[in-house]
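Enquirer: Input: one structure, supplied below.
Since every read-out is calculated from the coordinates, none of them should be taken as a lab result. The structure displayed is predicted, hence computed values, not measured ones. Neighbour counts run over all protein chains shown; Cβ positions are idealised from the backbone, glycine included.
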Amino acid sequence: MKQRQAKRLARTVLSVSLLVVIGAGFSSISAASDNSGVANADKQSKYVQVVVTPGESLWSIAAMVAGDASIASVVADIVEVNQLKGADVVAGSKLLVPTF
């Protein structure tokens, strides 16, 4: 019985910790102030800088900002603007993400 409660407590703590990390990642979103190193960036478009948190992917980030746009097109835009070789990202990476 105690082992079952300990497992449930551990899962709860892990879930809450993950939510805190994800929340911290999005609270660190700031306006991207320097697009000079970004090739093909449209000067009229607006981007924000996002720090990738553990468990996030380009698809999950794109889904949060896509609005009415296609998630696939937002992922393609993120890949192009950040000059990524693919859709894989590492926690702690800073990405420019379009705003809609």
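Enquirer: Can you pull the one-decimal nm distance between simple spin-label points at Arg4 and Ser93, each 7 Å off the Cα toward Cβ?
Expert: 4.3
Enquirer: Can you compute the FRET efficiency between Lys85 and Ser60 using 1/(1 + (r/R0)^6), with r the Cβ-Cβ distance and R0 = 30 Å? Round to the nearest 0.05.
Expert: 0.95
Enquirer: If you plug each phi of the range 47-59 into the Karplus form 6.51 cos²θ - 1.76 cosθ + 1.60 with θ = phi - 60°, what whole-Hz ³J(HN,Hα) values come out, in order, with x for Gly and Pro?
Expert: Result, ordered by residue: 10, 10, 8, 10, 9, 5, 9, x, x, 7, 10, 4, 5 Hz.
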